[in-house]
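Here it is, the structure, as structure tokens.
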Amino acid sequence: MSTLPFRQVAIVGLGLMGGSLALALRQLRDRPRVTGLSRDPEELRSARRAGALDEGSEDAHSALAGADLVVYATPTRVTLELLREHRDLWLASAVVSDVGSVKRPVLAEAARLGLEPRFVGGHPMAGGHRSGFAAARADLYQGARVWLVAGQGGENALQRVAELWRAVGARPESADAEAHDLLMAWVSHLPQVAASALGIALARAAVAPDTLGPGGRDATRLAASAPELWADILLENGDLLQGPLRGFAAAVQELADEIAGGDRARLEALLARAREWREGT
């Protein structure tokens, strides 16, 4: 029997994030029972072949039965639907969490459903542009910061979820939903927009990807991310993303103005400011 605060963890969605959590939990010496729910039969087969699950199913009743922690590793839009759909299937004492990039919508829905004392919004700062169980790996969360946002009265649930994340090598930190979403607008969502915008510009200029150097490949890596996932994220956090977008557009325009004006000293000062920020000086 596991000494973790949960005896059985049900993971809904077995792509990169959910699959990696399942693999990490299965590697623990004193591990909980891990069950998985997916609507994708191939995803389930892959997870079973990899030994990521004690049991996997396309049926929610089967996958969620007995779980004292349910983690939704699905896009936020899907998570919101499933919270409503599954609310009568969880144990009355089960803690419910997610791994989505935007926290305000899920916390609001949890409150509406009366789940606040046992709902913990989660957001691991880990992942990549590849998706699906094929991209999952057991060490994905090693050393990764995981933001946790508790609903009203959910401090105990937050501590239990934090303990589970520590067990798989992550660094949990608590946050306020709005503060988290604003921070993500700057440090996660804006970089995705910047990489996608660069990809759009290069595509319109008919620049072939294989002509890019190392810097170009690094700068456009996120442009390969799943469009359907990122469309959801950007729209869900669209209100808080407006300020970062304006700030980024202003910085690009400022660089463009100095390049057009030929003022080397001012251009170099802008570039130096960016380098100093990157180097932490």
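None of the figures in this text is laboratory data; all of them are computed from the coordinates on show. This is a predicted model, so every value here is computed, not measured. So basically every Cβ, Gly included, is an ideal-geometry build from the backbone, and we count neighbours across all protein chains shown.
With the chain treated as a Gaussian network of Cα nodes joined by springs under 10 Å, which of G153, G213, G143 yields the largest mean-square fluctuation?
It is G213.
Quick check on the exposure proxy: order S97, S188 from fewest to most C-beta atoms within 10 angstrom.
Numbers: S97 26, S188 17.
Lowest to highest Cβ neighbour count: S188, S97.
Separate question: May I ask for the percentage of alpha-carbon pairs in the chain that lie more than 24 Å from each other? Walk me through the numbers on the way to the answer.
Values: 21233 of 39340 pairs.
Summing the P(r) of the chain above 24 Å gives 54 percent of all pairs.
Starting from the coordinates of the alpha-carbon atoms of the stretch 6-76, obtain the Kirkwood hydrodynamic radius over all distinct pairs and give the value in Å to one decimal.
Values: mean 1/r = 0.0866 Å⁻¹.
Computed over Cα pairs of the stretch 6-76, the Kirkwood hydrodynamic radius comes out at 11.5 Å.
When the Kirkwood radius is taken over all Cα pairs of the stretch 144-199, what Stokes-Einstein diffusion coefficient follows at 10 °C and 1.306 mPa s, in µm²/s?
Working: Rh = 12.8 Å.
Once the numbers are plugged in, D ends up at 124 µm²/s.
Report, in whole Å, the centroid distance computed from the Cα atoms of the stretch 194-236 and the stretch 86-136.
When both Cα centres are located, 28 Å separates them.
Considering the stretch 180-279, what Rg and Dmax in Å follow from its alpha-carbon atoms?
15.1, 43
When the chain is modelled as a GNM with alpha-carbon springs shorter than 10 Å, which of H61, H189, H180 fluctuates the most?
Among H61, H189, H180, the largest mean-square fluctuation in the Gaussian network model of the chain belongs to H61.
Which helices count as membrane-span-like in the chain under these terms: full DSSP H, at least 30 Å along the axis by C-alpha, Kyte-Doolittle mean of 0.0 or more? Display every interim value, and only then the final one.
Working: long enough: 238-261 (34 Å, 0.29).
Helices passing the filter in the chain: 238-261.
Under a Cβ-only charge scheme (Lys and Arg +1, Asp and Glu -1), can you give me the dipole magnitude of the chain about the Cα centre, in debye to the nearest 20? Intermediate results must be reported in sequence, preceding the final value.
Working: 31 positive and 35 negative charges, 137 e Å.
Result for the chain is approximately 660 debye, rounded to the nearest 20.
Among L148, L235, L37, which one moves the most in a GNM of the chain with springs linking Cα atoms closer than 10 Å?
Per the Cα network of the chain with a 10 Å cutoff, L235 tops the list.
Sorting I200, I233 on the 10 Å Cβ count, fewest up front, what's the list?
So the ranking, lowest neighbour count to highest, is I200, I233.
Roughly how many whole Å is it from the C-alpha centroid of the stretch 238-281 to that of the stretch 20-83?
Using only Cα atoms, the two centres lie 44 Å from each other.
Taking +1 at the Cβ of each Lys and Arg and -1 at the Cβ of each Asp and Glu, which of Q242, L158, V106 sits farthest along the dipole of the chain towards its positive end, judged by Cα position relative to the Cα centre?
Farthest towards the positive pole: L158.
Order by neighbour count: T220, T76, fewest other Cβ atoms within 10 Å first, most last. Please list the in-between numbers first.
Details: T220 19, T76 25.
Listing T220, T76 from fewest to most nearby Cβ atoms yields T220, T76.
Is the stretch 1-152 rounded, prolate or oblate when judged by the Cα gyration tensor, a ≥ b ≥ c being the square roots of its eigenvalues, rounded requiring a/c under 1.5 and prolate requiring a/b larger than b/c?
Numbers: a/c = 1.38, a/b = 1.25, b/c = 1.10.
Note, shape of the stretch 1-152 comes out rounded.
Using only DSSP helix segments of four residues or longer, with each worth -39500 (n - 2.57), what per-residue ellipticity at 222 nm results for the chain after dividing by its residue count and rounding to 500?
Details: 12 runs with 138 residues, N = 281.
So the helix-based figure for the chain works out to -15000 deg cm²/dmol.
I'd like the antiparallel share, as a percent to the nearest 5, of DSSP beta bridges with both residues in the chain.
Numbers: 5 of 27 bridges.
Restricted to the chain, the bridges split so that about 20 percent are antiparallel.
Which whole-number value in Å³ per residue fits the convex hull of the alpha carbons of the stretch 224-268? Walk me through the numbers before you get to the answer.
Details: hull volume 4.2 nm³, N = 45.
Dividing the Cα hull volume of the stretch 224-268 by its residues yields 93 Å³.
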